[in-house]
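Visitor: What follows is a structure written as structure tokens; I'll ask about it next.
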Amino acid sequence: MEKMTQERIGRNDSIFRDANEGIRAAAEEHGADFRVPFICECADPECRELVLLTVEEYRRVRQDPRWFVNALGHQVAAQGAADVIARYDGYLVVEKTGRAGEVAEELDGASGG
Ligand SMILES: [Zn+2]
């Protein structure tokens, strides 16, 4: 795959991840111990699918800057730039590979955690 495409995939996903960080922070503030809707972090910029995770589950995915939450089946949007590393009830965890993974990691550091 072209480097530019991979770079775009990494960037798209990081935008959704920033939005999800806001959701997580708000849910945490309210002490939510139930599943809350997060935005699917797949590579499709048009995707508005919601996936349900607890704050704890989402925090686990965020341990690694290359890991993203995807709705079931949405890993195909990354066109091979992401591997499914775990399947849960209603969502997947994918790891970005190649340039897409590098960009995701860079952006994660840049946002100041
Ligand atoms: Zn999606």
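Visitor: Here is a check on your reading of the model: is Val103 without any contact (Cβ under 8 Å) to a residue 40 or more places away in the chain, among the β-branched types (Val, Ile, Thr) and in contact with an Asp or Glu (Cβ under 7 Å, 6 or more places away or on another chain)?
Guide: no
Visitor: What pairs come up if the first residue lies in region 40-56 and is without any contact (Cβ under 8 Å) to a residue 12 or more places away in the chain, the second is in a strand (DSSP E or B) and within 14 Å of the ligand (Cβ to nearest atom), and their beta carbons are under 8 Å apart, counting only those six or more places apart or on different chains?
Guide: Pairs that qualify, where the first residue is without any contact (Cβ under 8 Å) to a residue 12 or more places away in the chain and the partner is in a strand (DSSP E or B) and within 14 Å of the ligand (Cβ to nearest atom), are Arg48/Ile39.
Visitor: Among (1) farther than 18 Å from Arg24 by Cα; (2) buried (at least 16 other Cβ atoms within 10 Å of the Cβ); (3) at pLDDT 90 or above; (4) among the aliphatic types (A, V, I, L, M), there is one condition Val103 misses while meeting the rest; what is its number?
Guide: Of (1) farther than 18 Å from Arg24 by Cα; (2) buried (at least 16 other Cβ atoms within 10 Å of the Cβ); (3) at pLDDT 90 or above; (4) among the aliphatic types (A, V, I, L, M), only one is false for Val103: (3).
Visitor: Now for a separate question. Looking at Ala86, Ala110, which is the one that is of a type in the set (Gly, Ala, Ser) and modelled with pLDDT of 90 or more? Walk me through how you get there before you give the answer.
Guide: Working: Ala110 fails: modelled with pLDDT of 90 or more.
The conditions single out Ala86.
Visitor: How many of the residues making up region 55-80 are at pLDDT 95 or above, in a loop (DSSP other than H, G, I, E, B) and over 20 Å from Arg8 (Cβ atoms)?
Guide: Matching residues across region 55-80 total 2.
Visitor: Has region 47-55 got at least one residue that is within 19 Å of Ala100 (Cα to Cα), within 11 Å of the ligand (Cβ to nearest atom) and more than 10 Å from the chain's Cα centre (by Cα)?
Guide: Looking for residues that are within 19 Å of Ala100 (Cα to Cα), within 11 Å of the ligand (Cβ to nearest atom) and more than 10 Å from the chain's Cα centre (by Cα), one finds at least one in region 47-55, hence yes.
Visitor: If you don't mind, there's one more thing I want to ask. Hey, does region 81-88 have a residue that's within 14 Å of the ligand (Cβ to nearest atom), under 20 Å from Asp108 (Cα atoms) and within 10 Å of the chain's Cα centre (by Cα)?
Guide: No, region 81-88 contains no residue that is within 14 Å of the ligand (Cβ to nearest atom), under 20 Å from Asp108 (Cα atoms) and within 10 Å of the chain's Cα centre (by Cα).
Visitor: Given the structure, is Ala32 surrounded by fewer than 21 Cβ atoms within 10 Å (Cβ to Cβ) and part of a loop (DSSP other than H, G, I, E, B)?
Guide: Answer is yes for this residue.
Visitor: Now for a separate question. For region 81-100, which residues satisfy the criterion of being of a type outside the set (A, V, I, L, M, F, W, C), assigned to a strand (DSSP E or B) and crowded, with 16+ Cβ neighbours inside 10 Å?
Guide: Tyr91, Glu95, Lys96
Visitor: In the set Val36, Val76, Val61, which member is touching a helix residue (DSSP H, G or I) at 6+ places or on another chain (Cβ under 7 Å) and either more than 10 Å from the ligand (Cβ to nearest atom) or without any contact (Cβ under 8 Å) to a residue 12 or more places away in the chain (or both)?
Guide: Val36
Visitor: Let me ask another. Taking the condition of being over 17 Å from the mean Cα position of the chain (by Cα) and either surrounded by 18 or more Cβ atoms within 10 Å (Cβ to Cβ) or assigned to a loop (DSSP other than H, G, I, E, B) (or both), how many residues in region 2-26 meet it?
Guide: Qualifying residue count for the region: 1.
Visitor: Which count do you get for residues in region 81-97 that are β-branched (Val, Ile, Thr) and farther than 17 Å from Ile9 by Cα?
Guide: Total satisfying the criteria: 1.
The values are calculated or read from the model by the stated rules, or taken from the named source; none is laboratory data. Just so it is clear, the model here is predicted, and its values are computed rather than measured. Counting neighbours? That spans all protein chains shown, and the Cβs are built from the backbone with ideal geometry, glycine included.
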